[in-house]
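The values are calculated or read from the model by the stated rules, or taken from the named source; none is laboratory data. Note that the structure is predicted; figures quoted are calculated from it, not measured. Virtual Cβ from ideal backbone geometry, glycine too; neighbours counted across all protein chains shown.
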2 protein chains.
Amino acid sequence: MAVDQLDVVFGALADPTRRAILTRLTHGEATVAELVAPFEVSQPAISRHLKVLERAGLISRTRRATARLSHLEAEPLRQATVWLAGYREYWEESYERLDELLAAMQDDETGRNTS
Amino acid sequence: MAVDQLDVVFGALADPTRRAILTRLTHGEATVAELVAPFEVSQPAISRHLKVLERAGLISRTRRATARLSHLEAEPLRQATVWLAGYREYWEESYERLDELLAAMQDDETGRNTS
DNA sequence: ACTTTCTAGAACAGAAAGGTTATAGAGTCG
DNA sequence: CGACTCTATAACCTTTCTGTTCTAGAAAGT
């Protein structure tokens, strides 16, 4: 899987284009061409972003004809969440708000992040 | 607060030294000198890491005599968690495990992360 | 005030990140 | 097989990051 987990995962998440790619992938698998379309960067640039995401274990890739499909692999996101959760007690006051948010999102498809 | 939130926050978390500093700060406020001690990097290097963390809103700073104390400010961590939570449904199967983990950590002081 | 202590900043170096264009390569399909 | 489609790689450039050493500056204590 990923090389150094947290380093690589947080590093991958630090880029807005990569986060947008992940968000796009929550709508389903996508080819490189489909991922290039919404952005104003070149195809090679997207290919490299995908490589970074793959290295972080955030996506997996399969093939369909000549195209390569990217799939969201959320396990690293879960691990990042676990790490962050270790600091839970330092924001107790807003923890309840988070609980509410999580609960709300559970039944609300639109609650998904977009950036 | 922070400049571009997620970009800067995830960027700050991508460095192991900075994550270690945050972990250290969960044990209480600390001076720059105290934060330099455990690492094999120079004091200016730590000062710059602190600057990055401060810019991300992850720490705040006060003064005590000639020293400057760093304090953990976990609000950005909460926001990062909220973003990650948007992908919750993509790891439903491990979600329960996370719940268990969170519950366990709630009553277990030693459950805190160390890196 | 003077000295000491603690932290920040300047200047520099090397590595890594992110983007571009041009080109190679892998896989399909007629 | 041959042509075409889709994606990856190479080569290059610029900017940002991380670290260093040396020095300046701010606050406290004597």
In region A:10-37, the residues that are free of Cβ contacts under 8 Å to residues at least 24 places away in the same chain, farther than 25 Å from residue B:77 by Cβ and either among the charged types (D, E, K, R) or in contact with a helix residue (DSSP H, G or I) (Cβ under 7 Å, 6 or more places away or on another chain) (or both): A:24, A:34, A:36
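Yes/no matrix, rows are residues, columns are (1) hydroxyl-bearing (Ser, Thr, Tyr); (2) within 10 Å of DNA strand D (Cβ to nearest atom); (3) farther than 24 Å from residue B:85 by Cβ; (4) within 12 Å of the chain's Cα centre (by Cα):
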residue: A:17; (1), (2), (3), (4): yes, no, no, yes
residue: A:22; (1), (2), (3), (4): no, no, no, yes
residue: A:28; (1), (2), (3), (4): no, no, no, no
residue: A:37; (1), (2), (3), (4): no, yes, yes, no
residue: A:43; (1), (2), (3), (4): no, yes, yes, no
residue: A:47; (1), (2), (3), (4): yes, yes, yes, no
residue: A:51; (1), (2), (3), (4): no, yes, yes, no
residue: A:56; (1), (2), (3), (4): no, no, no, yes
residue: A:61; (1), (2), (3), (4): no, yes, yes, no
Residue within region A:15-22 that is within 14 Å of another protein chain (Cβ to nearest Cβ) and either polar (S, T, N, Q) or assigned to a loop (DSSP other than H, G, I, E, B) (or both) present: yes
Subset of region B:48-79 [at pLDDT below 90 and small (Gly, Ala, Ser)]: B:65, B:74
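Table: residues versus (1) in a loop (DSSP other than H, G, I, E, B); (2) more than 14 Å from chain B (Cβ to nearest Cβ); (3) in contact with a Ser or Thr (Cβ under 6 Å, 6 or more places away or on another chain).
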residue	(1), (2), (3)
A:38	yes, yes, no
A:44	no, yes, no
A:62	no, yes, no
A:70	no, no, no
A:76	no, no, no
A:82	no, no, no
Count of residues meeting criterion [buried (at least 16 other Cβ atoms within 10 Å of the Cβ) and within 14 Å of chain A (Cβ to nearest Cβ)] in region B:46-60: 7
